[in-house]
Amino acid sequence: MTRRDDAKTRALAASRTLNPRPEKVSDPAFAPGSFFDPADLVQVKYEMVRQAETGGAPAGRAASAFGFSRQSLYTARAALHEQGLAGLIPGKPGPRSGHKLTGEIVSHLEELLAADPRLRPADLAAAVQLGFGVTVHPRSVERALQRRREARSAAVQAAGEAAKS
């Protein structure tokens with residue numbers, strides 16, 4: 001099945017909701033010309049969960065008819081119940097936060113900067129490599145230190161407002 005290249009397909013791709021395997025959807029509700037679009041991942045997952053819950057179909061059969069595994073059905077069901085339709089939208093790929101620059105490493109970097117404020121991010125990244133065996137980009141060092149400064153500033157401001165009350 002060739003994917004059509006239209007505005008809806010581009011919009012689905014931009015929102016990360018384009019079904020990568022629309023040809024696997026065999027449920028009759030998604031037949032060509034019907035209301036439902038097998039390329040719309042949120043529609044497919046919602047209908048899969050709905051069919052499993054209200055249609056009385058066993059989980060394996062419902063998942064298979066929509067091109068997914070049973071585990072995907074259970075995951076989609078939980079996401080739908082916990083977050084609503086937004087839970088069916090795939091999350092952004094990649095790490096969620098700086099996982100290399102731990103609190104211990106950032107504290108060490110702050111100590112190094114306190115001892116010598118002339119240190120550049122590249123120097124700090126090299127110090128992390130030497131001291132912790134972790135390779136980080138100098139820009140990541142800058143961001144981690146900035147987040148720490150912002151967190152401290154917000155805590156001081158909150159404490160000041162709490163003292164006023």
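The values are calculated or read from the model by the stated rules, or taken from the named source; none is laboratory data. The structure presented is a predicted model; accordingly, all values stated were derived computationally and were not measured. Ideal geometry is used to build each Cβ from the backbone, glycine not excepted, and the neighbour counts take in all protein chains shown.
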Residue list for the range 47-88, filter: within 22 Å of the chain's Cα centre (by Cα) and of a type in the set (Ser, Thr, Tyr)
Ser69, Ser72, Tyr74, Thr75
Test Thr75 against the stated conditions and say whether it is in contact (Cβ under 8 Å) with a residue 24 or more places away in the chain and either in a helix (DSSP H, G or I) or surrounded by 17 or more Cβ atoms within 10 Å (Cβ to Cβ) (or both).
no
Per the list (1) within 13 Å of Phe68 (Cα to Cα); (2) crowded, with 18+ Cβ neighbours inside 10 Å, residue check on Thr17 breaks on (1)
Among the residues of the range 33-49, is there at least one that is at pLDDT below 95, surrounded by fewer than 18 Cβ atoms within 10 Å (Cβ to Cβ) and not in a loop (DSSP other than H, G, I, E, B)?
no
The range 51-67 - residue that is touching a helix residue (DSSP H, G or I) at 6+ places or on another chain (Cβ under 6 Å) and part of a loop (DSSP other than H, G, I, E, B) and, of those, surrounded by the fewest Cβ atoms within 10 Å (Cβ to Cβ):
Ala57
Tally time: how many residues in the range 94-119 are surrounded by 13 or more Cβ atoms within 10 Å (Cβ to Cβ) and among the polar types (S, T, N, Q)?
1
